[in-house]
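Take a look at the structure below.
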Amino acid sequence: MKNYSPKRIALLNAALVSVFFCALYFFILIGRTDFNFILFLVSFTSLFLFTYFISYYLVNNFIYNRIRIIYKTINKFLTNDESKIQLPKHNSDYIEQVNNEVIRWVQDKTAEIDNLKKMEVYRREFLGNVSHELKTPIFNIQGYILTLLEGGINDPAINIKYLQRVEYSVNSLISIIEDLETISTLESGECKLNKTKFNLTELCYEVADVLEVKANNKFISIIIDAENDRTINVFADREKIKQVLINLVDNSIKYGKSGGKTEIDFFDMDKNVLVEIADNGIGITQENISRIFERFYRVDKSRSREYGNTGLGLAIVKHILEAHGQRINVSSTPGKGTTFTFTLKKS
């Protein structure tokens, strides 16, 4: 763009205009009998310089005023405050400056449009997933209640069993709604962390107690390696980290093998402590690992629904850890097990 700068354009136009007027002046004087070469040369030079600078000034201002309008229009889209718009300097290569602004604006708008398209696809998938997740327990509740209303309520072999199933479906609904509220709060940035100093080892034993019955039902052992129960103090939101641990350990039990184990280990990482939760369960294929932290994504949908999984647990884990400025990593081998790792700041 520098080859066609406004300065060069104005200079070229000024030179052409000056040449035109000087040529006209020359043809007018050349036929005169009182032609004086010295006087002609002085007047010719004066005319050339006068027309040159006047033309240069007019052309340059003409270009600048129109470029300024374009520049101002573009910057109105970039900022809502007109007072903050800085117009290109008159003595600079403002065509190149405006060209760069146009390119930047187009790139920003293209990226914005692409992002909106992705968000629209994401929104449709999310609404479809939420609708599907809510339909299952609602239809189950409807079916059980209709059966009871049609006479099943009077049948001792049916009424208690169906009421228990209704309760199970209601609890599934509550779980989905609570998970949706949690992840919505985390994604919007409205979640305020209540960071305190606490014993991570102690918290892991609490989580093991909460999930003990579920683990025993599958004959899975929860093993906490804390080097003789040493105290590991971290600085984080205790309740949120408890939710992270429950989701990860619960996940390892759901997809663990009968008679297997879930191990929770800790590793010193200078200012951080690395938490590792490993199992010897069914594992995850490489093609699915990159998507397991997406909302509602399930590696095995039929098994997930069988275990009552909402598909939001790992997404919640990811957002909680990111809110702490940490990341979660996963490695897995199908048929051999899965390992999740994350770090927390020491206290």
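The numbers here are math on the coordinates, done by the rules we state, and not lab data. Values in this document were obtained by computation on a predicted structure and should not be read as measured data. Please note: Cβ atoms are built from the backbone with ideal geometry, for glycine as well, and neighbour counts cover all protein chains shown.
Couple of notes before you dig in:
- Within the range 121-188: Cβ-based charge dipole about Cα centre, in debye rounded to nearest 20 (Lys, Arg +1; Asp, Glu -1): 200 debye
- Computed over the range 195-345, the P(r) tail beyond 18 angstrom holds 55 percent of alpha carbon pairs.
- Relative contact order for the range 121-188: 35 percent, from Cα pairs under 8 Å spaced at least 6 residues apart, divided by residue count.
- Sorting 319, 132 from the fewest to the most surrounding beta carbons within 10 angstrom yields 132, 319.
- Cross-link table 214/346; 135/261; 192/346, entries beyond 29 Å C-alpha to C-alpha: 214/346; 135/261
- Neighbour-count ranking [beta-carbon atoms within 10 angstrom, fewest first] of 231, 262, 201: 231, 201, 262
- Going from the residue with the fewest nearby Cβ atoms within 10 Å to the one with the most, 240, 214, 135 rank 135, 214, 240.
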